[in-house]
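S.K.: Below is a structure I'd like to ask you about.
The values are calculated or read from the model by the stated rules, or taken from the named source; none is laboratory data. Owing to the predicted nature of the structure, the values given are computational and were not obtained by experimental measurement. FYI the Cβ positions are ideal-geometry reconstructions off the backbone, even for glycines, and counts take in every protein chain you see. Just the protein is used for accessible areas: all its heavy atoms, side chains included, with ligands, DNA and RNA removed. Shrake-Rupley method; radii C 1.70, N 1.55, O 1.52, S 1.80 Å.
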Amino acid sequence: WSMTEHGRRKLVLHSVLGGRVSEEAFADLLEGGPPDFFRGQNNREVAVLILRVFNHSTLCQEMKAKDLIEMTNLFLENSGEFLTSRGGYLDESSPDCVRVYFGIIRRDAEPASTACAAAVELRQRLENLNEDLDGRFFHKLEFGIAVGVDQMTLGIYRSQNATRLSALGEGVDYVRRLCAANAWYGSRILVDSGVFSKLRDSFAFRPM
């Protein structure tokens, strides 16, 4: 079976995507032709959503290791897994940072809109999680979300130990810094000017 076209495609996709997409998205890729990112692509409009936890250093001092690990795992389950279910590609998932791309797996009509809708739902999801965490561990997660849109280069990037799909663009670093600004402003979601200009008529924004 692994030598058939279907079998080879599944093995290749699994090695490249490695559980970073939803089961539905993986099945769609499996049944379709070779995706664009196999050949590499320039100037693809991609939205990036970055989620950060800001108070891990404090939690490390005040919580038992077992409880903090359990708390962090709940955070990852309610963020990365949720965002892939909304069509995102999970590029990074670490205890203090989750980075997801929209429009990288399939060409969305408006990846920024998909990312913003997911961010609003994610915020409420994490607020609900914080209520549960406060009841169980008497601690909450301080988090912030940022969304940006940019023209990026998609492709399969390889190193000695890993082969994976990812995207390159100047906007990624800017959204990372924008996400950190949530800790300064006390906000939950910040977006860049590209997202604002595209979605000013369909989402409510407040200038910072």
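S.K.: Within the stretch 181-208, work out how many residues are in contact (Cβ under 8 Å) with a residue 24 or more places away in the chain and surrounded by 14 or more Cβ atoms within 10 Å (Cβ to Cβ).
M.R.: 13
S.K.: Only residues that are open to solvent by 90 Å² or more (accessible area, probe 1.4 Å) and either aliphatic (A, V, I, L, M) or on the phi < 0 side of the Ramachandran plot (or both): list them for the stretch 126-141, please.
M.R.: Of everything in the stretch 126-141, those that are open to solvent by 90 Å² or more (accessible area, probe 1.4 Å) and either aliphatic (A, V, I, L, M) or on the phi < 0 side of the Ramachandran plot (or both) turn out to be Glu131, Asp132, Arg136, Lys140.
S.K.: When you go through Leu168, Leu178, Leu154 one by one, which is the residue that is buried (at least 20 other Cβ atoms within 10 Å of the Cβ), in contact with a strand residue (DSSP E or B) (Cβ under 8 Å, 6 or more places away or on another chain) and under 15 Å from Leu90 (Cα atoms)?
M.R.: Leu154
S.K.: If we only count helices (runs of 4 or more DSSP H) wholly inside the stretch 109-205, which ones have 2 or more residues that are touching a Cys at 6+ places or on another chain (Cβ under 7 Å)?
M.R.: On the way: elements: 111-137, 170-185, 193-199.
Of the helices (runs of 4 or more DSSP H) lying wholly inside the stretch 109-205, those with at least 2 residues that are touching a Cys at 6+ places or on another chain (Cβ under 7 Å) span 193-199.
S.K.: Quick check on the stretch 95-115: of everything there that is among the small types (Gly, Ala, Ser) and under 20 Å from Glu81 (Cβ atoms), which residue is surrounded by the fewest Cβ atoms within 10 Å (Cβ to Cβ)?
M.R.: Gly103
S.K.: Restricting to the stretch 50-94, count the residues that are in a loop (DSSP other than H, G, I, E, B), touching a Leu at 6+ places or on another chain (Cβ under 9 Å) and open to solvent by less than 30 Å² (accessible area, probe 1.4 Å).
M.R.: Residues that pass the stated criteria total 2.
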